[in-house]
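Novice: Submitted below is the structure of interest, expressed as structure tokens.
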Amino acid sequence: MIKLKKASLEELDIINSLCEEAKKDYKLWDSEYPTYEDFLSCFEDVGVYILVGDSEIIGSISAEASDAGDNYVSLSKFFIVKKYKRQGYGRLLFKLIEEEFKNKYEYIDFYVDERHPFAFKMYESFGYTDLGRASVSWESDYYYHRFIKRIEND
């Protein structure tokens, strides 16, 4: 059975190791981001979530308070382990994280590096809206787009 769960502090080392492997295929991440400290920061804020099947981590996504306000949660550091890519697990992870947050927040938002156009299509297929180029709080030589989705509450 595949499920979403909030990661424990002990699991952050595993998540960080899996992320280091993911960086080999995702050239927009490097030695400076994301790091264990980035995961720990999200863990201490809203949380780090993992998609688990047969006691094995399939993917991860982190959440933190959004700069847009209290009704928003921001997602970051999303990845699927290489052997599980292109099997629908990314879509499932987003569906389950939306379920997790639907009675806590009104909106989910996140930023996408403009150098990753495949992600634009993928997130739009998940129902997220591209709000266009956005100012980001971190220094960057590249542009980011802000994506947003209103979560349907019960």
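Each reported figure results from applying straightforward, stated rules to the coordinates on display, with no laboratory input. Treat the numbers as computed from the prediction; the structure is a model and nothing was measured. Note: ideal-geometry Cβ built from the backbone for every residue, glycine included; neighbour counts use all protein chains shown.
Novice: Give the share of C-alpha pairs in each 10 angstrom bin for the chain, from 0 to the last occupied bin, in whole percents, shortest bins first.
Specialist: 10, 42, 41, 7, 0
Novice: Shifting gears a bit: If I stretch the segment between Ile14 and Asp141 completely, what's the gain in nm (0.36 nm per residue apart, minus their alpha carbon distance), one decimal?
Specialist: Computed gain between Ile14 and Asp141 is 42.7 nm.
Novice: Length gain on complete extension for the stretch Lys27 to Lys104, per 0.36 nm per residue less the alpha carbon to alpha carbon distance?
Specialist: Using 0.36 nm per residue and subtracting the Cα-Cα distance, I get 24.4 nm.
Novice: Holding the Cα-Cα limit at 26 Å, pick out from Lys82/Lys102; Lys23/Lys104; Lys27/Lys104; Lys24/Lys77; Lys24/Lys102 the pairs that are longer than that.
Specialist: Lys82/Lys102; Lys23/Lys104; Lys27/Lys104; Lys24/Lys102
Novice: Among Ala63, Leu96, Ile15, whose Cα lies farthest out toward the positive end of the dipole of the stretch 2-150, if unit charges sit on the beta carbon of Lys, Arg (+1) and Asp, Glu (-1)?
Specialist: Leu96
Novice: What ranking do 25-31, 44-50 get when scored by the average of other Cβ atoms within 10 Å per residue, highest first?
Specialist: 44-50, 25-31
Novice: State, as an integer percentage, the relative contact order of the chain based on alpha-carbon contacts under 8 Å between residues 6 or more apart.
Specialist: 18
Novice: List Val52, Val112 from most exposed to least, where exposure is judged by having the fewest other Cβ atoms within 10 Å.
Specialist: Val52, Val112
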